[in-house]
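Participant: Below are the structure tokens for one structure; questions will follow.
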Amino acid sequence: MRLGRIAMGTLYLAAGIAHFVATRTYEAIMPDYLTAHHALVLISGVAEFAGGLGILLPYPKLNRAAAWGIILLLIAVSPANLWMLQHPERYANIPLWVLWARLPLQLVLIAWAWAYTRVPAAQRVGNQG
């Protein structure tokens, strides 16, 4: 599980940084019905970075809280994936299969984060093992 935590933490740290380096790219995938695209991209970047850091630090309670935060973030950004799929003409440089693949990938990422929300059996109250 430790390697998985390192991989996940690194992924979200990098994704968070990318929101600040390639802000316009993220703004371009925001649904039209949302306002304040720039602010939302920056907020989601901070959230991803914080989630990655929270997963990496050696504090189990923080790891679990960060995993829950990542799950909520993945749910919150799902409309952008749906928006891109509904408007593929706006993203002609992205193959349609990639737009489709993003939807199940969200579920895989949520399941991966979910694995870190649980208290290990050895740490549960009342465990006699």
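Computed from the coordinates by the stated procedures, all read-outs in this text should not be read as laboratory data. Predicted model, so just to flag it, every value in this text is computed and none were measured. Every residue, glycine as well, gets a Cβ built from its backbone with ideal geometry; the counts of neighbours run over all protein chains shown.
Participant: Taking the Cβ of each residue in TYR116, TYR33 as the centre, tally the other Cβ atoms inside 10 Å and list the residues starting with the fewest.
Facilitator: Least crowded to most crowded, the residues run TYR33, TYR116.
Participant: Taking every pair of distinct Cα atoms and averaging 1/r, then inverting, what Kirkwood hydrodynamic radius in Å comes out for the range 45-88? Let's see the in-between values first.
Facilitator: Values: mean 1/r = 0.0888 Å⁻¹.
One over the average 1/r among Cα pairs gives 11.3 Å for the range 45-88.
Participant: Would you please state which residues of the range 11-40 a label at SER78 would reach in this model, taking the label point 7 Å out along Cα→Cβ and a backbone N cut-off of under 17 Å?
Facilitator: Once the point is set 7 Å along Cα→Cβ of SER78, 31 turn out to lie under 17 Å by backbone N, inside the range 11-40.
Participant: Right, something else. What angle, in degrees between 0 and 90 and rounded to the nearest 10, separates the Cα long axis of helix 96-114 from the longest principal axis of the Cα atoms of the chain?
Facilitator: Roughly 20 degrees between the two axes.
Participant: Still on this structure, I have one more. So if we plug the beta-carbon distance of VAL119 and LEU85 into 1/(1 + (r/R0)^6) with R0 = 25 Å, what FRET efficiency do we get, rounded to 0.05?
Facilitator: Details: r = 36 Å, r/R0 = 1.45.
For R0 = 25 Å, the calculated efficiency reads 0.10.
Participant: Angle check, please: helix 37-56 long axis (alpha carbons) against the longest principal axis of the chain (alpha carbons), in degrees 0 to 90, nearest 10.
Facilitator: Approximately 20 degrees, to the nearest 10.
Participant: ³J(HN,Hα) across the range 13-23 via Karplus (A = 6.51, B = -1.76, C = 1.60, θ = phi - 60°), whole Hz, x for Gly/Pro?
Facilitator: 4, 5, 5, x, 4, 4, 5, 8, 7, 10, 3
Participant: Mind listing P(r) for the chain? All alpha-carbon pairs, 10 Å bins, whole percents.
Facilitator: 12, 38, 32, 12, 4, 1
Participant: Mind sorting THR25, THR35 by how few other Cβ atoms lie within 10 Å of their own Cβ, fewest first? Let's see the in-between values first.
Facilitator: Values: THR25 11, THR35 8.
The order, fewest Cβ neighbours first, is THR35, THR25.
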